[in-house]
Amino acid sequence: MSAATARLPRRPPRRDVIRDRRTWLSLPASYLVILLVLAITIAPMLYMIVGGFSTTAQLNANPNALPHPWVWSNYAAIATSSIFWQAVANSVVVAVVATGLAVTLGSMAAFALSRYTFRGREVFYLLFVAGLLFPLNTAALPLFLLLQQIGLNDNLFGVALPEAAFALPVTIVILRPFMRAIPGELEDAAIVDGASRIRFFLRILLPLSRPALITVGILAFVTSWNAYLLPLVVFSSQDHYTLPLAVANFQSTYTQDTARVYAFTAVSMIPALAIFIFAQRKLVGGLVGAIRG
Amino acid sequence: MRGSRKPAIVATAVAAALTIAACSSSSSSSTSSTSASSSSGSSAKVTLTWWNNGNTQPLLGVWQSVVAAFHAAHPNVTISMNPIQSDLFTTKMPIALKSDNPPDIFQQWGGGQEATQYTSGKLANLSSLASGWISELGEAAAGWQVNGEQYGIPYDQHVVGFWYRKDLFAKAGITSPPTTIAQLESDDAKLKAAGITPISLGGGSRWPDAFYWEYFAVRECSESVLQSAIKAVNMSAPCFTQATKDLTAFMATNPFQGGFNATQAQTGAGSSAGLLANGKAAMELQGDWETSVVPALTSDKNIISQLGWFPFPQVPGGAGAPTAVLAGGDGFSCTTGASEPACAEFLQYIDSTPVQEELVQKAGVGLPANSAAESVLTNPALQAAAKAHDTAAYQAEYFDIAFPTDQGQALDTALANFFAGKGSNETIINSVSSSSGH
Amino acid sequence: MARTQSAPVAGRETESPRPATAGARPPKTRRGLRKRVELTALLAPAIVLFIGFVIVPMVFAAWYSLYNWSGFGPLNDFIGVQNYTGVLTGPVFHQALLHNVIIAVLSLVIQLPISIGLALLLNRRVRGRTFLRLAVFAPFVLSEATAAVMWYELLQPGGPLDALLKAVGLGGLVHYWLASTSLVLYSVFVVATWKYIGFGIVLLLAGLQGIPPELREAAAIDGATPWQVTRAITLPLLGPTIRIWIFLSVIGSLQLFDLVWIMTLGGPANASSTMLTYQYTNGVQRTQFGYGATVSVVLFFISLIFALAYQRYALRRDTAGALTRAVL
C-alpha cells in the first residue's frame, strides 16, 4: 500500500497455483488447521452467545448442556432496557470523541515528529512512548482529582479526553514511520508548486495515510469501547455509565445473573465488531507502512 | 535551522493551559448536596446523595420505596439514590472521600474498615444526632463506632453458621446436625460414604476460608483475649495458635470439594453456593445471606425449604463461650457537612420497625439491625440463625472487618494461602503485624 | 502475546526525508520562524493533552510512592524510599515479577511461532479468508473482563472444557486448571494467548503484504524449497514486524492484570500473581496507596529499561537492514 511499491517494475502476474503447489503445507491440511483455529477461537464466544439464551439457574445447574428451553427474555430485556441503550449512546459518544481527538492530534504530532528535524525531537517521541509504560490504575486517583479541578467530573468528556490522551502514544508510534515512508519528492513537488508544508500535510499526506489513520482509529475505538477503569472512576451517576460499567448491574452483592451478563456482553460486542468488519481491509493496508517505513 | 526556541514555546503553552485549568473553579456536579438547615426537620430544602449497594432487585425496589416514603414524610428532603455494585466501593470510596463533594450517605461495613475511612476526616459523628434512638439497635451499633463514637449506623445484621441440605443429610443417615467438631467429622465421613461431598468451600474468593479459622479462634479464645487482640492488632496469644492446630486437624479429614482453592463463593455454576444449591455438596459455612444467593443458582424451586442451619460446632477445651458467633452487618455512614441532621433522620427511618420488616421480608437482607423486626422471619433456618445471633454470649465481628483494612486483608490472604498449602501458623499470626504486603 | 493496551512501537529509525530545498532560498530567519510556528501548531495540542492527562497524573502517582498513605486523609507520612525497599526486597513481589517474565518468554516461544504460522496460512488464497481473519481477531474485541468471566466458567472442574475432553476421549487430560498451583499460571497464559493472538496475526499479515510476491517466486524458480523460501526470504523481511510484535508482547506481559484478576485473583496462594495483581492486593485492597504507587513506578522503570534497550538493539539492526533497502 505504500508508495514505494509503485516503483517496482511491473511484471506479468504469476498464477496463484504455482505458489500454492510450492508451500510446505498442502491445501487440505491448511484447511484443517484453519478450521481447528477457528473452532478454538469461536467456540468460547459461541458458548457465551448461546448462554444468553439460557437462564442463570440452568447455567448453574447444568453448565455443559444446551439451553433447555431456549429463553428469549435475556436478549429481549436488553433490547428494551433503557439502561442498555443509554449505555450504548454514552459509549458511542465517548469512543467517537476519544478516537476523533486521538487521530487528529496524533496525526498532527506524528507529522511533526516524522518530517521535521529539530532539537529534542526524539525526546518528545520518547515522552509519548513513556506514556505507554505506566499502568493506568495508579494514575486514576490523581487523574480524578485533576478532572474535578477542571470541572469534568461525572461528565462524558471527563472520560473521552483522558482516553484520547492515553491513545496518543499508540497513534503516534504507528503513524510516524508510515508518514516517513512518503517520499520526499512528493513534498518537494508540492513546495515547488507553492504549497506550504501544512498544505502538503492536509492535501497530500493525510489522504495517502488514510489506511494508517483508519488503523489507529480502529485501535483507539476498540480500546475506548472496552475501557472500564476510567469510566468507573469518573462516573458516579448510572445514566452516564458506558457499556462495560452497565454489565455490573447484573451483579449484586452476592449473586451474578450470569445469563444476563452473557447476553449483554454478546450484544455489546456488535458495534465494535461492525467497525472492524467495515474497516478490516484498510486495517491490513495501514500497518504495512508502519513496517516498511 | 534548529528550532531551539520551540521547546520553550511549547512549555509556555503547557504552563498556561495548566494554570487556566487549575484556576477555574470546580463546577458542581448534578449530584452535589446543597445547604441544609441547622436543625433537623426545618423547612430549608435539602438534597442528599446516597450511594448504596442495592443495584439489583429486590433490594433496589425496596430502597426506592423507602426513598419515596421518606420524601412524603419529609417534603423538604430529597434523596438522590445512586446504586453501585458492591465490589466497586473498594475503588470508588477512597476517591470519593478525597473529592470535594463526597456522597452524603454511603455504604459502610463498620469495624476497622470504618476506622480507616475515619482518617479522611469526612465521616460525620452521629453520636448526638442518634442518641435518642440508637439504643433500639442494641449491641449491633457497637460495630459501627470509632473510639466509642457513632460514625456509622447498621441496617442489617449477619451471622455465620453452617447451612446444610436436609435431603442429603437424610440420605447419609444423619439424624440431627452435629454439635461438636468430632461429630461434624464423623458426619463428613458418613456423607463421603454415601458419595456426597461433605462441605463446599469458596476458597477462590479468599474470605470464606477465613470463616473457619476465625471460628476456631472464637471457640479457643476467651472474649477478653479476643477483644484485646483485635484492639491491639496482635494475635500472639496462644489460643490463636491453637486455632491453627484445630484447623489443620480439620482440614486433614478432607471435607471439601476437589479444587476448592479456585472455587468462587457465589458467582456461577461451580461456586460453593452453587454446589450446595444443586445438591453437589451437603454443607457450607456461610452467612445468612445464603438464602438470597441460593435461589438464583438452581432450578429447584424448593431449595430454601431444603436448607437447614446449625451453629459452628463446639471445640473441646476451648476458652471461648460456646454460644459466641461470628457476625457482621451492613450499614451507612454520613459525610460531614450541612446534610448531617437530615442524614441522621433518614438512617433512623431505615432502622424503624416497618422499614426493617420490609427489608427482611422483601429484600431478604438477612437479620434486621432492629431486633423488633425479627418476628417477620418465616424461614425456620433463618429463625434459628437469628436466635443463635441474639442469644450469643457475644458477637465477634469477622476479623477482616474488625481489623483495620490493611491488616484485615493481609489476614485473609494469609489464610487463603494456608488453605492452598502455602502457609504456616507463623504466616497467619504475623500477617497482621506488618503494615504493607511483603 | 499478552497485552493490556495496544502499543506498537516502531523499532527502527530511518533518515528523515529531505526537507524541501528546491527553488530559491528565502532569508534563513523567516523560514526558521515559520517552521517553528508550524511545529508548535502541530505538536502543541497533542503535547498539552498528553502532559495534562497522562504525564501529570503519572508524576503525582509517583509522588505518592514516597509516602505511607492509605488513600484517605492528607499526605503527611513521608517515608522516602521505604516503600521501594519493601517492594524490591519482598519475595512475593519477586514471585510476581518472575511470573510476568515467564509469560513474556512463553509468548515469544509459543505465541510467536503460532502467529507466524497462522499468518502465513491466512495469507493464502483460501475461501472465506476474510471471515477467518475476523474470527481470529474477534477475541481481541471482547473486553478483558468478560473474556475472563467466560473462561472462568469454561475452566470449572467438570465444566465445559472438561466435558469436551471427556467427550472426545481425552478424559485423562482433565486437571484442576485454575485450582492447581502448578497449572494455573499456564492456564492464564493460554487464555491470554486466545485473547491476543488475533492482533498479532493481523499485524504479521500486514507485514506479509509488504513483501513483494515476486521475490518469493524468483526464489522458487531458482529451485528453493518452500521452507527455504520462507526461511531465507519471508522471515527476514518480516523482521521489522516481528520486532514490533516482540516489543508489544513484552510490554503487555509486564502489564497483565484484568484477565488474571477476574479468573484467579492472582491465586491460589500467589501461584498466578503478576506485578499488577500484587499491586492491587497490597496497594488497593489493603488501602496502602503509597505502596501501590511504588509498584507502578517500579513496573514503569522495568518497562523503560526494556524499551530503551530494545530500541537500541532493534534500531541498530533495522537501520543497517540491507535487505529492506535493497528491495525498496
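A few remarks follow.
- With respect to being in a helix (DSSP H, G or I), within 9 Å of chain C (Cβ to nearest Cβ) and at pLDDT below 90, A:Val247 fits the description.
- Among (1) buried (at least 20 other Cβ atoms within 10 Å of the Cβ); (2) within 8 Å of another protein chain (Cβ to nearest Cβ); (3) in a helix (DSSP H, G or I), the one test that C:Leu259 misses: (2)
- Condition check for B:Thr31: touching a Ser or Thr at 6+ places or on another chain (Cβ under 8 Å) and either in the same structural domain as B:Ala115 (by TED's automatic domain parsing) or at pLDDT below 50 (or both): yes
- Selection from segment C:262-281 of residues that are within 7 Å of another protein chain (Cβ to nearest Cβ) and more than 20 Å from B:Trp207 (Cα to Cα): C:Leu276
- Of the helices (runs of 4 or more DSSP H) lying entirely inside segment A:58-139, those containing at least 1 residues that are under 17 Å from the mean Cα position of the chain (by Cα), more than 7 Å from every other protein chain (Cβ to nearest Cβ) and of a type outside the set (Asp, Glu) are A:82-115.
- Check on B:Gln227, crowded, with 20+ Cβ neighbours inside 10 Å, under 23 Å from B:Ala327 (Cα atoms) and among the polar types (S, T, N, Q): no
- Pair list, Cβ < 6 Å and 6+ apart or interchain, from segment A:56-77 residues that are at pLDDT 85 or above to residues that are basic (Lys, Arg): A:Asn74/A:Arg260
- Residues located in segment C:154-194, provided they are crowded, with 16+ Cβ neighbours inside 10 Å, among the small types (Gly, Ala, Ser) and within 25 Å of C:Gly252 (Cα to Cα): C:Ala179, C:Ser180, C:Ser187, C:Ala192
- All positions within segment A:159-180 that are within 8 Å of chain C (Cβ to nearest Cβ) and either more than 30 Å from A:Ala87 (Cβ to Cβ) or surrounded by fewer than 22 Cβ atoms within 10 Å (Cβ to Cβ) (or both): A:Leu161, A:Ile172, A:Val173, A:Arg176, A:Pro177, A:Arg180
- Qualifying residue in segment C:219-230 (condition: surrounded by 22 or more Cβ atoms within 10 Å (Cβ to Cβ), at the interface with another protein chain (Cβ under 10 Å from one of its Cβ atoms) and out of contact with any His (no Cβ under 6 Å at 6 or more places or on another chain)): yes
- Here segment B:118-144 is the region considered, the condition is being touching a strand residue (DSSP E or B) at 6+ places or on another chain (Cβ under 6 Å) and not hydrophobic (A, V, I, L, M, F, W, C), and the residue that is farthest from the other protein chains (Cβ to nearest Cβ) is B:Ser127.
- Residues in segment B:390-405 that are surrounded by fewer than 24 Cβ atoms within 10 Å (Cβ to Cβ) and either in a helix (DSSP H, G or I) or touching a Pro at 6+ places or on another chain (Cβ under 8 Å) (or both): B:Asp390, B:Thr391, B:Ala393, B:Ile401.
- Remark: B:Ala363 falls outside the filter, which requires a residue to be surrounded by 23 or more Cβ atoms within 10 Å (Cβ to Cβ), assigned by TED's automatic domain parsing to the domain that holds B:Glu139, in contact (Cβ under 8 Å) with a residue 24 or more places away in the chain and of a type in the set (A, V, I, L, M).
- Residues that are in contact with a His (Cβ under 7 Å, 6 or more places away or on another chain) and buried (at least 21 other Cβ atoms within 10 Å of the Cβ) occur at least once in segment C:274-292.
- Subset of segment A:252-267 (residues that are in a helix (DSSP H, G or I) and free of Cβ contacts under 8 Å to residues at least 40 places away in the same chain): A:Val261
- Cross-chain or 6+ apart pairs with Cβ under 6 Å, segment C:33-50 first and more than 7 Å from chain A (Cβ to nearest Cβ), then among the basic types (Lys, Arg): C:Arg36/B:Lys6
- Verdict on A:Ala272 being touching an Asp or Glu at 6+ places or on another chain (Cβ under 9 Å), within 11 Å of chain C (Cβ to nearest Cβ), buried (at least 22 other Cβ atoms within 10 Å of the Cβ) and within 26 Å of A:Pro135 (Cα to Cα): no
- Filter result for B:Gly121 (outside any helix (DSSP H, G or I), of a type in the set (Gly, Ala, Ser), touching a residue at least 40 places away in the same chain (Cβ under 8 Å) and surrounded by fewer than 19 Cβ atoms within 10 Å (Cβ to Cβ)): yes
- Members of segment C:143-152 found to be within 7 Å of chain A (Cβ to nearest Cβ) and either under 17 Å from A:Ala279 (Cα atoms) or among the small types (Gly, Ala, Ser) (or both), listed by number: C:Ser143, C:Ala145
- Residue that is modelled with the lowest pLDDT, among those in segment C:13-37 that are buried (at least 19 other Cβ atoms within 10 Å of the Cβ) and part of a helix (DSSP H, G or I): C:Lys35
- Residues being touching a residue at least 60 places away in the same chain (Cβ under 8 Å) and within 25 Å of the chain's Cα centre (by Cα) - total across segment B:227-238: 4
- Test: B:Ala420 is under 26 Å from B:Gly203 (Cβ atoms), within 14 Å of another protein chain (Cβ to nearest Cβ) and either touching a residue at least 12 places away in the same chain (Cβ under 8 Å) or surrounded by fewer than 24 Cβ atoms within 10 Å (Cβ to Cβ) (or both): yes
- In segment B:266-277, the residues that are at pLDDT 90 or above and either polar (S, T, N, Q) or surrounded by fewer than 24 Cβ atoms within 10 Å (Cβ to Cβ) (or both): B:Ser272
- The set of residues from segment A:224-249 being under 17 Å from the mean Cα position of the chain (by Cα) and surrounded by fewer than 22 Cβ atoms within 10 Å (Cβ to Cβ) comprises A:Tyr228, A:Leu229.
The values are calculated or read from the model by the stated rules, or taken from the named source; none is laboratory data. Please read all numbers here as calculations on a predicted model, not as lab measurements. When we count neighbours, we look across all protein chains shown, and the Cβ atoms used for this are built from the backbone with ideal geometry, even at glycine.
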